[in-house]
Each structure stands twice: as C-alpha cells, then as structure tokens.
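**Student:** Below are the structure tokens for one structure; questions will follow.
Derivation of every value follows stated rules applied to the coordinates shown; laboratory data play no part. If you're wondering where the values come from, they're calculated on a predicted model, not measured in any experiment. With ideal geometry, Cβ positions are generated from the backbone for all residues, glycine too; neighbour counts draw on all protein chains shown.
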Amino acid sequence: MTYAFQASILRPEQSDGDNAWAFVVLPKEASATLPRRGRTTVVGTMNGEAFQALLEPDGQKSHWLRINDALLKASGAAVGDRVQFEIAPATQEPEPDVPADLLAALEASPDARVTWEDTTTVARVDWIHWVVSAKQAKTRTKRIHDACDMLASGKRRVCCFDPSGYYSKAFSAPKAVGTANE
C-alpha cells in the first residue's frame, strides 16, 4: 500500500559535520501504514524522484527520513520547501550494514555468529539499532558484549529494547534549525 503526503524539508540543527543533508518527519498517518514502529525500510518518491531509505523512529509513534543532498538536488527540492512524498514498505527488508565493532565481536564468538546468521533480517536490524543507539562508547561496548552473550546462548531477539523509542523516549527526530522541540 502506497501512502501519499506532503511534508516540509527541514535542516538539522546538528549535522554531524556534514551540512549536505536534510530531513522530514512523517505524518503519524503515514507511519501507521508501515509494518513496524522501529527502523523500517521504505521505497518511495520525493517530488517524483525514486528512493529507498531506512526510516528512523521519532519516539512519537512516527518516523523521520534523512534526505541526502543527491536526493534533494534530483527532486528539485530545497530546505523549507513543502514536498510531495509517496512511500510504501519495502517488499523485503534489505540486509543491514553491520558496524565493524559488532562484526568483529560476532566473528570472535562462533556461537553468537551462528544465532546471528539464523535470525531474521528484522531481528538483525533491531540488534544493530540497540548497539548504535548507545549514547556513550562505554555503553556501546557493553551492549556489544551483552549481544554476543545473548546470541551465544541462543537468544534470537534483543530483549528489553523499545525500537520505537516511545516508551523509553530514547529516540527522536533531529531538532530542526529555527524550530523548538515538539
């Protein structure tokens, strides 16, 4: 099912040193059509320009979409413009990129690696999201260690993790330049 909506292109207040990206927050109605409140991949168009993207949860039962400079230019859009979107869930969640530190830990733990390979792609997305959402390096290192322990014991899903951020308030869309937090 394809969902059409309009949204304003926003510039993030903090851009991780790269000013060449923007974002939109999806209307809750658009997110409600997606298969999950956590990270999920969509295919769609922005002003008619096709894209595939991994949406991030905003902690408010919706998602936000990072828009790179290439898509901005190809769609003829600019920060501040109201843009037409059409999105649909990807027919198959693509295999996620595994961060190097997590991959090294999995390679060092054959039992964990076996369970990792036997899980679903969505489960691997959640494991990765749990690891990379750590705000401190110490927490990330602990999560990688814990993930390997849980996987080695046969646990296929990360426990106690709200991938939407709604209950834990762990996630939010970036703060836009010139706007207050909502």
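**Student:** Can you pull out the residues in region 78-103 that are part of a loop (DSSP other than H, G, I, E, B) and either touching a Cys at 6+ places or on another chain (Cβ under 9 Å) or surrounded by 14 or more Cβ atoms within 10 Å (Cβ to Cβ) (or both)?
**Tutor:** Listed by number, the residues that qualify are Val79, Asp81, Ala90, Glu93, Pro96, Val98, Pro99.
Results for (1) under 18 Å from the mean Cα position of the chain (by Cα); (2) within 18 Å of Ser133 (Cβ to Cβ); (3) outside any strand (DSSP E or B), shown as yes or no for each residue.
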position	(1), (2), (3)
Met1	no, no, yes
Gln14	yes, yes, yes
Pro35	yes, no, yes
Gly38	yes, yes, yes
Ala50	no, no, no
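**Student:** Among the residues of region 52-64 satisfying the criterion of being in contact with a strand residue (DSSP E or B) (Cβ under 7 Å, 6 or more places away or on another chain) and outside any strand (DSSP E or B), which is farthest from Ile87 (Cα to Cα)?
**Tutor:** Among those residues, the one meeting the criterion is Asp58.
**Student:** So which of Ser109, Ser133, Ser75, Ser62 ends up being over 22 Å from Arg39 (Cα atoms) and either crowded, with 20+ Cβ neighbours inside 10 Å or free of Cβ contacts under 8 Å to residues at least 40 places away in the same chain (or both)?
**Tutor:** Ser75
**Student:** When you look at Val83, is it within 11 Å of the chain's Cα centre (by Cα) and of a type in the set (A, V, I, L, M), yes or no?
**Tutor:** Spelling it out, it is not the case that Val83 is within 11 Å of the chain's Cα centre (by Cα) and of a type in the set (A, V, I, L, M).
**Student:** Next question, about the same structure. Quick one: Asp111 ticks every box in (1) touching a helix residue (DSSP H, G or I) at 6+ places or on another chain (Cβ under 7 Å); (2) of a type in the set (Asp, Glu); (3) within 24 Å of Val42 (Cβ to Cβ) bar one, so which box is it?
**Tutor:** (3)
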